[in-house]
1. Using the alpha-carbon atoms, what tilt in degrees (0 to 90, nearest 10) does helix 17-27 show relative to the longest principal axis of the chain?
2. If I take every Cα pair under 8 Å that is 6 or more residues apart in the chain, average their sequence separation and divide by the length, what percent do I get for the relative contact order?
3. Put one equal scatterer on each alpha carbon of the chain, apply the Debye formula with no solvent term, and list log10 I(q)/I(0) at q = 0.16, 0.21 1/Å to two decimals.
4. When the helix-only estimate is applied to the chain (DSSP H runs of n ≥ 4, each -39,500 (n - 2.57), divided by the residue count), what is the mean residue ellipticity at 222 nm, nearest 500 deg cm²/dmol?
5. Work out which chymotrypsin sites (Phe, Trp or Tyr not before Pro) in the chain are exposed loop sites (DSSP not H, G, I, E or B, at most 11 other Cβ within 10 Å) and give the longest gap free of them.
6. In debye, nearest 20, what is the charge dipole magnitude of the chain about its Cα centre with +1 on Lys and Arg Cβ and -1 on Asp and Glu Cβ, if you could check?
Amino acid sequence: MKFGVDYYPEHWPSERLPYDAKLMREAGFEVVRLAEFSWAKLEPQPGVYDFK
């Protein structure tokens with residue numbers, strides 16, 4: 001069984017991601033589900049990706 005978390009980076013300042021990732025590692029998370037509500041930002045046009 002895997003231990004994981006849902007994470008919504010679009011709700012937080014981008015500067016927070018390294019801190020949150022550190023906390024997830026320390027908590028032992030093995031899986032992180034993200035981007036389910038922000039896919040349009042990651043793929044603004046079909047086949048065009050922006051992972052910044």
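1. 40
2. Numbers: 38 pairs, mean separation 22.7, N = 52.
RCO, the chain: 44 percent.
3. Per q value, in the given order, log10 I(q)/I(0) is -0.55, -0.84.
4. Working: 2 runs with 15 residues, N = 52.
Calculated mean residue ellipticity at 222 nm is -7500 deg cm²/dmol.
5. Result for the longest clean stretch: 4-36.
6. Charge dipole, the chain, about its Cα centre: 120 debye, nearest 20.
Here, each number is a calculation from the coordinates, and none is a lab measurement. Quantities reported herein were computed from a predicted structural model and do not represent experimental measurements. Neighbour counts run over all protein chains shown; Cβ positions are idealised from the backbone, glycine included.
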